[in-house]
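Report on one structure; see the data block that follows.
Taken together, the values in this text are just the output of simple stated rules run on the coordinates, not laboratory data. The model shown is predicted, which means the values in this text are computed figures rather than measured ones. Methodologically, a virtual Cβ is constructed for each residue, glycine included, from the backbone with ideal geometry; neighbour enumeration extends over all protein chains shown.
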Amino acid sequence: MYYINLTMKNNLFKVIEYTYYFSLIFLFIIYLFPGSIIGYLLYGSLWQQPNLINNPFGTAINHLIFFSFITVLITIIKSKVKNILTSYKFILLTSFFLEIFHLVVPNRAFELYDLIANLVGVILVLFINQFLKWRKYF
């Protein structure tokens, strides 16, 4: 019984780990592609960015959601996998540099709100994680 639970936990961990790496590859592809792949799939236009939730900041909410998601995955796998790709510094720098690359990628534009949303997504998950660790001690 213990072996089955341990195997299931290891399998779940591997699924989460592979989801993280796939999400990282997906992130690089959608950020560095000259135009919006998701906009093309949803609206038939490379020029239209999808807006998941109507808000005054436009598509920045998409960035906040995705970078929060990817940081949650890092938080889970960081306990067992220690490499440069699973560090919080890596994802912070990645979020920063990918948005800066929009200055040179054709048909893409640097957006300050997107950069802020990227960083807030990562930092928000880090704060929640630290708060949960702190609460465990009290």
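Brief remarks on what is shown
- Separation of the Asn55 and Leu42 label points, Cα + 7 Å toward Cβ, nm: 1.4
- Note on the chain: helix-only mean residue ellipticity at 222 nm, from DSSP H runs of 4+ residues weighted -39500 (n - 2.57) and normalised by residue number, equals -23500 deg cm²/dmol.
- Were the residues from Thr19 through Thr75 laid out at 0.36 nm apart, the gain over their Cα-Cα distance would be 18.9 nm.
- Amide hydrogen neighbours beyond the local backbone of Val81, cut-off 5 Å, H modeled: none
- This structure gives volume of the Cα convex hull per residue in Å³, computed directly, and of [x] 124; [y] 141; [z] 153 that value is listed as [y].
- Helix runs (DSSP H) in the chain reaching 24 Å along axis by Cα, Kyte-Doolittle at least -0.5: 2-32, 60-77, 112-136
- Relative contact order (percent, whole number), the chain, Cα cutoff 8 Å, 6+ residue spacing: 25
- Region 9-63 versus region 118-137: alpha-carbon centroid distance in Å: 22
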